[in-house]
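First comes the structure, then the notes that go with it.
The values are calculated or read from the model by the stated rules, or taken from the named source; none is laboratory data. Keep in mind the model is a prediction, meaning the values are calculated, not measured. All Cβ positions, glycine included, derive from the backbone under ideal geometry; neighbour counts span all protein chains shown. The protein model used for the area step is the full one, side chains on, heavy atoms only, and it has no ligands, DNA or RNA in it. Shrake-Rupley method; radii C 1.70, N 1.55, O 1.52, S 1.80 Å.
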Amino acid sequence: MAVNSQKLEDLLNLSLDADEEERERSPSLQTGYLPGEKRWELIVRYFGDISRLEEENIPVEKLLGGYGIITVPEDRIPYIAAMPEIEYVEKPNRLFFSAAQGRAASCVSPVQQGPGGLTGRGVAVAVIDSGIDYTHPDFCNEDGTTRILELWDQSLGRVFSEEEINEALRTGEGSRLVPTADFSGHGTAVAGIAAGNGRASGGRYRGMAYESSILAVKLGSRGEGAFPWTTELMRALDYVVRRARSFQLPLAVNVSFGNTYGSHDGTSLLETYLDAVSGYGRTSIIVGTGNEGVGNGHASGRALPGEESRTELAVGAYETGFGLQLWKSYVDEFSVSLMTPSGRILGPVEPVMGTQRLRYGRTEILLYHGFPSPYSQAQEIYFDFIPERDYVDSGVWQVLIRGEKVVTGRYDLWLPPVSTVNSSTRFLNPDPEITLTVPSTASMAVSVGAYDSAYQTYADFSGRGYTRLTDQVKPDLAAPGVGITAPRAGGGYSVFTGTSFAAPFVTGAAALLMEWGIVRGNDPYLYGEKMKAYLRRGARRFAGEGTWPNRRLGYGALCVRDSLPGDGAVL
């Protein structure tokens, strides 16, 4: 019904021009329309008396300041627009809390509506992270019992059972009976996005698979900086896969940890281990691509025969030390040197396997010239910048690479994660590609980048693909990762940003698809690579991105509804 009145906002005019089918496919256009009544709920600004609308069966809610809300049959809107008392009319827009916005953007609401909606029941969601606040209402059932099957605190070396957690909740003696805590709150937020039921918010901040069972692992923190080791992650993966199999439950695993070390081609032992455990049971492993997209921690280039290329590296003041990786193809022969801030040349690096030492000022550079391994054809030269006392020498360093015998010529350099080095330590001409963190580079992982659902745009911090040399498409897809409201350790909610909080949207989505396929018998093999294929096929493509798949968002943005095969009917 075309009205096109200047008293009506553009979006309302567009909504009225759209047919029923177009409205159904567009949440923006259908917002405000009450299909059962064939009425619109509209916002009006008026002057004078509009009481007569009540007499015409058009309810009016008068608000302060000459504003009101009316509920009007669609065919009566031209009459409303023609009233002299009505100054302007708008349709309502959706007011999103950030977690609710993430769900809406991920097309999950249509598959959760009605008595047969998907909730994650019968599927286990495993969160391998910094722990979980098991006392938070979002991880408890209506009767106050826990939804957590087991909680393994690696730092305590203990596994707490469902019965032990329930006893702690019942008696209020958690510090004695189940003395585990999520000090950073990272894992609690991740678990809430994937599987929280939103009880503390009346359902407003409900997660994706809100009736799933939960397996939680608090990674042990060891070594300098108290960061988990990759060995802890590997133990955790083994544990959750085994336990899910013991419980006879399909399993969606969330991993929101990673690092920048490695050739980024899926060949490290951590990556291939992740691939291996993905083949056990009915398992899908979802990994965030990290927040290195604008970290200026990756550079790349191409060496030519007889020519020298230079990569500038700024080292900030008060830098306490860092590692620098150079990866190349073994078929290429390069001469590699370092230029110090004063212009002095260190090197070239001896092309022999083993450790070498260079020194400049107050800095020692410990380097290792590697060779291919049985699992990788890549060759690494690793530089470790070590301060003689407190800090390494600041200034602009340069990596000089001269091609000797060149076949491909490609090389890549990586710094440690941006959170672990001085903010001024960075490449001056960085390459934002291949900034996804390991193990999101694993072949079998469902690798998840982040986008801003408020603007339907790529979040620039999100780690990009593809994988090095192999050019495997990574990330597989993206999910909302900006301004996400999620449970806060200690109670209540906070707002979080990062790919750590995009990945659990996909983890929860995987649990919903497993419920549909495995638990309900529609597709008993919906896990592993098949899960990845379904998620990729259903992903939404943004018009502004041009080609798909791409290095920033993979195959597109998560859309649960369209990832269900066929007509997406929930059976």
So which helices (runs of 4 or more DSSP H) are wholly in region 135-249 and hold at least 1 residues that are surrounded by fewer than 18 Cβ atoms within 10 Å (Cβ to Cβ) and small (Gly, Ala, Ser)?
174-177, 230-247
Have a look at Val352, Val392, Val418, Val396 and point out the one that is farther than 17 Å from Ser268 by Cβ and touching a Pro at 6+ places or on another chain (Cβ under 7 Å).
Val396
Which one is nearest to the chain's Cα centre (by Cα), of the residues in region 319-344 that are assigned to a loop (DSSP other than H, G, I, E, B) and farther than 21 Å from Thr260 by Cβ?
Tyr330
Within region 539-564, work out how many residues are over 17 Å from Leu512 (Cα atoms) and either open to solvent by 10 Å² or more (accessible area, probe 1.4 Å) or assigned to a loop (DSSP other than H, G, I, E, B) (or both).
16
On the basis of being open to solvent by 20 Å² or more (accessible area, probe 1.4 Å), at pLDDT below 95 and over 28 Å from Asp460 (Cβ atoms), does Val570 make the cut?
yes
Long-range neighbours under 9 Å by Cβ, at least six apart or interchain, first residue over 23 Å from Ser155 (Cβ atoms) within region 235-252, second acidic (Asp, Glu)
Phe247/Glu150; Pro250/Glu515
Residue selected from region 464-483 under the condition open to solvent by 10 Å² or more (accessible area, probe 1.4 Å) and out of contact with any helix residue (DSSP H, G or I) (no Cβ under 7 Å at 6 or more places or on another chain), by the criterion nearest to Gly301 (Cα to Cα):
Leu469
Six or more apart or on different chains, Cβ atoms under 9 Å: show the pairs whose first residue is in region 262-289 and closer than 12 Å to Gly528 by Cβ and open to solvent by 40 Å² or more (accessible area, probe 1.4 Å) and whose second is of a type outside the set (Val, Ile, Thr) and modelled with pLDDT under 90.
Tyr280/Arg242
Which one of these is without any contact (Cβ under 8 Å) to a residue 60 or more places away in the chain and open to solvent by 60 Å² or more (accessible area, probe 1.4 Å): Thr355, Thr363?
Thr355
Starting from residues that are assigned to a helix (DSSP H, G or I) and of a type in the set (Lys, Arg), keep the ones in region 501-538 and report whichever is farthest from the chain's Cα centre (by Cα).
Lys530
Residue list for region 436-463, restricted to those being open to solvent by 30 Å² or more (accessible area, probe 1.4 Å), touching a residue at least 40 places away in the same chain (Cβ under 8 Å) and assigned to a loop (DSSP other than H, G, I, E, B)
Ser443, Met444, Ala454, Gln456, Asp460, Phe461
Here are some residues: Gly266, Gly301. Which one is at pLDDT 95 or above and under 20 Å from Arg464 (Cα atoms)?
Gly301
Selection within region 398-435 - of a type in the set (Val, Ile, Thr), surrounded by fewer than 20 Cβ atoms within 10 Å (Cβ to Cβ) and under 25 Å from the mean Cα position of the chain (by Cα):
Thr420
